[in-house]
Amino acid sequence: MRTLGEKWIVATDGRNEAYDLAADPGERHNLAASWTGGETPPPAPFDALAARLLSMKSQQAREHAPPKKTSPPMSEESEEKLRSLGYVR
């Protein structure tokens, strides 16, 4: 995700990258390297980007989730057989 001043990359292998584009337009200094070990928290702009990315990721997961399995309606005959066996009340 990119804004005018920041760029945040979330890799599937967990190696995130963050760049301050105003101070580092060549993207040579990965700021996220110092955050992953918990040494320092990410600055507010990157913290906000991370929250937006997580929100987008969870929304995408909901939109592309496989449909929930539903059972087809049961015929009266089948229901009566199950009732006679004590499976349906």
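The values are calculated or read from the model by the stated rules, or taken from the named source; none is laboratory data. Just so we're clear, the structure is a prediction, and the values are computed from it rather than from any experiment. When we count neighbours, we look across all protein chains shown, and the Cβ atoms used for this are built from the backbone with ideal geometry, even at glycine.
Using the structure shown, decide if A50 is assigned to a loop (DSSP other than H, G, I, E, B) and touching a strand residue (DSSP E or B) at 6+ places or on another chain (Cβ under 8 Å).
Details: assigned to a loop (DSSP other than H, G, I, E, B): no; touching a strand residue (DSSP E or B) at 6+ places or on another chain (Cβ under 8 Å): yes.
So A50 fails the test.
With the condition kept exactly as written, say whether any residue in segment 47-54 is surrounded by 12 or more Cβ atoms within 10 Å (Cβ to Cβ), farther than 18 Å from M1 by Cβ and modelled with pLDDT of 80 or more. Break it down into steps so the answer makes sense when it comes.
We begin by selecting, within segment 47-54, every residue surrounded by 12 or more Cβ atoms within 10 Å (Cβ to Cβ); these are 47-50, 52-53.
This time we only want the ones that are farther than 18 Å from M1 by Cβ, so: none.
No, segment 47-54 contains no residue that is surrounded by 12 or more Cβ atoms within 10 Å (Cβ to Cβ), farther than 18 Å from M1 by Cβ and modelled with pLDDT of 80 or more.
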Can you find a residue that is assigned to a helix (DSSP H, G or I) and exposed (fewer than 10 other Cβ atoms within 10 Å of the Cβ) anywhere in segment 62-75? yes
